[in-house]
Amino acid sequence: MDSLLVRVVTPRHTFFGSAERTLASFFNEEDTVYLCDSCLRTFTEKNNLQQHLLRCGNAFWIPGDEVYREKERSFCVFAIDGRKSQCSALARRLCLLSKLFLVDKVTLDDVHFFSFNALFEVDDEGFHFVGYFSKEWTSSSSCINTLSCVMVLPPFRSKGYGGFLVRLSYEIARMEGRVGTPERPLSKSGNALFRKIWREEILFAVFTLEERGIPVTVNELSKVSSLIIEDVLVALHDLDVLFSVGRQGPLLVVNVSEKARLPQRRLAAERLLWANTPS
């Protein structure tokens, strides 16, 4: 399908996305949209955006529950519940913006099926949208998708926010007592990102189990990391882990030098404010 190159101008950045021709009416024939990076409303004229910024109701208030804040890097995450009336408008705008980057994995009509964990940078001028991951509401206590979509706007893709959002999705799964996996299919870049984080999560899980004196087995790694067993096995293959056989089944042997491959900065779980909301 033909696509339209769209230039997106925010108060702080200019970047480009690609929209299907069927979505052109949501943007404009000038191929440029002016975006409020707090409420995600779009405008066809720069002066309309400037007037809006003087009175934007979301500049210092986001309709959702704050679930994470990191003061050192000045960003926070809000859980935006697509089922709630006060959140639905922002959720729809978020999905529309995402269509410029995730053509095949974003719906504009079913936001009430999803929770959107949106990351904003924070400064004296308020909140500035960076990216998000979405997660479908489910009542199943078995294996779930830890996320449906993850997207970071182009100006922020070199800051590690994508990895942070994926790690956050697993931390939430751990707090809910679940194991999960991202929705398939994964893009090439998404697959590379997830495999990197799976390796990290498994290494942390290995050393956590060793510190607790618990035998390192595939099942225990799945419990500690919140990765499904299939993803655990992918990570173990990538790490070239050795297997041995013990009384409790196959045991794993990880070279202690692998600790050097762990990132120095991890998501600070104590900063996560999360209540397991029933669906």
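Take Leu165 and decide whether it is assigned to a loop (DSSP other than H, G, I, E, B) and hydrophobic (A, V, I, L, M, F, W, C). No; evaluated as a whole, the condition is false for this residue.
With respect to the conditions (1) of a type in the set (Phe, Trp, Tyr); (2) more than 21 Å from Leu273 (Cα to Cα); (3) buried (at least 21 other Cβ atoms within 10 Å of the Cβ), Tyr132 lacks only one, and its number is (2). Kindly indicate the residue of segment 114-148 that is part of a strand (DSSP E or B) and among the hydroxyl-bearing types (Ser, Thr, Tyr) and also modelled with the lowest pLDDT among those meeting that condition. Ranking the qualifying residues of segment 114-148, first place goes to Ser115. Looking at Ser226, Ser169, just one residue is at positive phi, among the hydroxyl-bearing types (Ser, Thr, Tyr) and surrounded by 15 or more Cβ atoms within 10 Å (Cβ to Cβ), and that residue is Ser226. Annotation: Arg195 fulfils all but one of (1) in a helix (DSSP H, G or I); (2) touching a helix residue (DSSP H, G or I) at 6+ places or on another chain (Cβ under 9 Å); (3) closer than 23 Å to Cys95 by Cβ; the unmet one is (3). For segment 154-195, filtering for residues that are outside the structural domain of Phe101 (by TED's automatic domain parsing) and closer than 20 Å to Arg73 by Cβ leaves 1.
Table: residues versus (1) within 23 Å of Asn191 (Cβ to Cβ); (2) outside any helix (DSSP H, G or I); (3) in contact with a His (Cβ under 7 Å, 6 or more places away or on another chain); (4) modelled with pLDDT of 65 or more.
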position	(1), (2), (3), (4)
Leu233	yes, no, no, yes
His237	yes, no, no, yes
Ala260	no, no, no, no
Gln264	no, yes, no, no
Leu267	yes, yes, no, yes
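Taking every residue in segment 8-34 that is surrounded by 15 or more Cβ atoms within 10 Å (Cβ to Cβ) and pairing it with any residue that is of a type in the set (Gly, Ala, Ser) and at pLDDT below 95, at least 6 positions away or on another chain, the pairs with Cβ-Cβ distances below 7 Å are Val8/Gly17; Ala19/Ser3; Phe27/Ala19.
The values are calculated or read from the model by the stated rules, or taken from the named source; none is laboratory data. As the structure is a prediction and not an experimental result, all values here were calculated from the model. Quick reminder, even Gly has a Cβ in these numbers, built from the backbone with ideal geometry, and neighbours come from all protein chains shown.
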